[in-house]
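Asker: Below: one structure in structure tokens.
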Amino acid sequence: MMSSSQALPVIAVVDDDNVYQFTATRTIQATQLANQILQFQNGQEALDYLSGHLKELDILPDIIFLDINMPITDGWMFLDEFNKLKADLGKDILIYMVSSSIDPRDLNRAKSNPIVSDYVEKPISLNRFAELLRGKS
């Protein structure tokens with residue numbers, strides 16, 4: 001089976017807010033720029049998924065929208081664990097930190113983390129999702 005080099009990405013939304021999960025998923029679907037959207041309630045669920053599918057390129061996410069404040073494993077803890085997994089993953093994954101926090105410490109901490117592509121404030125508009133999914137942050 002041939003795969004197109006322009007194949008649509010697999011997206012993961014990691015957020016404990018069910019309403020946000022739903023609206024983000026619907027908005028991403030509306031961009032028509034995603035192949036599949038994975039949903040995780042917290043960082044641990046996402047890490048378990050990643051470590052269970054390290055080399056399965058077609059189902060690993062290409063982009064992760066990662067909330068900061070979540071129970072069990074928050075965004076910062078996820079990044080620490082992701083960093084340890086990163087070398088074993090079969091592909092590079094873009095991570096966007098997502099938060100409704102306007103705390104400059106969160107913004108600076110996200111921007112100074114080399115594995116975070118960008119910090120995105122909630123709510124995320126359809127146009128902003130489309131820009132991020134096209135890789136034009």
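The values are calculated or read from the model by the stated rules, or taken from the named source; none is laboratory data. Everything quoted here is computed from the prediction, not taken from an experiment. Don't worry about glycine lacking a Cβ; one is built from the backbone with ideal geometry, like all the others, and counts go over all protein chains shown.
Asker: Are any residues in segment 34-49 crowded, with 17+ Cβ neighbours inside 10 Å and closer than 15 Å to PRO9 by Cβ, and if so, which ones?
Answerer: ALA34, ILE37, LEU38
Asker: Read through the list (1) modelled with pLDDT under 95; (2) touching a Lys or Arg at 6+ places or on another chain (Cβ under 7 Å), then give the number of the only condition that LEU60 fails.
Answerer: Among (1) modelled with pLDDT under 95; (2) touching a Lys or Arg at 6+ places or on another chain (Cβ under 7 Å), LEU60 violates only (1).
Asker: Just for segment 50-59: of the residues that are surrounded by fewer than 19 Cβ atoms within 10 Å (Cβ to Cβ) and aliphatic (A, V, I, L, M), which one is nearest to PHE129 (Cα to Cα)?
Answerer: Here the residue is ILE59.
Asker: Let me ask another. In segment 25-51, how many are free of Cβ contacts under 8 Å to residues at least 60 places away in the same chain and assigned to a helix (DSSP H, G or I)?
Answerer: Result for segment 25-51: 12.
Asker: I'd like the full set of residues that are modelled with pLDDT of 95 or more and assigned to a helix (DSSP H, G or I), limited to segment 111-130.
Answerer: Answer for segment 111-130, where residues must be modelled with pLDDT of 95 or more and assigned to a helix (DSSP H, G or I): LEU126, ASN127, ARG128, PHE129, ALA130.
Asker: Return only the number of the condition from (1) closer than 22 Å to LEU132 by Cα; (2) modelled with pLDDT under 95 that LEU94 does not satisfy.
Answerer: Condition (2) is where LEU94 drops out.
Asker: Could you check ASP88 against (1) free of Cβ contacts under 8 Å to residues at least 24 places away in the same chain; (2) in contact with a Ser or Thr (Cβ under 9 Å, 6 or more places away or on another chain); (3) within 25 Å of SER51 (Cβ to Cβ) and say which number it fails?
Answerer: (1)
Asker: Quick check on this structure: which one of ASP74, ASP15 is surrounded by 12 or more Cβ atoms within 10 Å (Cβ to Cβ), farther than 18 Å from ASP118 by Cβ and under 14 Å from the mean Cα position of the chain (by Cα)?
Answerer: That would be ASP74, the only listed residue that is surrounded by 12 or more Cβ atoms within 10 Å (Cβ to Cβ), farther than 18 Å from ASP118 by Cβ and under 14 Å from the mean Cα position of the chain (by Cα).
Asker: Restricting attention to segment 14-24, which residues are outside any helix (DSSP H, G or I) and in contact with a Phe, Trp or Tyr (Cβ under 7 Å, 6 or more places away or on another chain)?
Answerer: Result: VAL14, single match.
Asker: For segment 82-106, what are the residues that are in a helix (DSSP H, G or I) and either over 16 Å from the mean Cα position of the chain (by Cα) or buried (at least 17 other Cβ atoms within 10 Å of the Cβ) (or both)?
Answerer: PHE82, LYS84, ALA87, ASP88, PRO104, ARG105, ASP106
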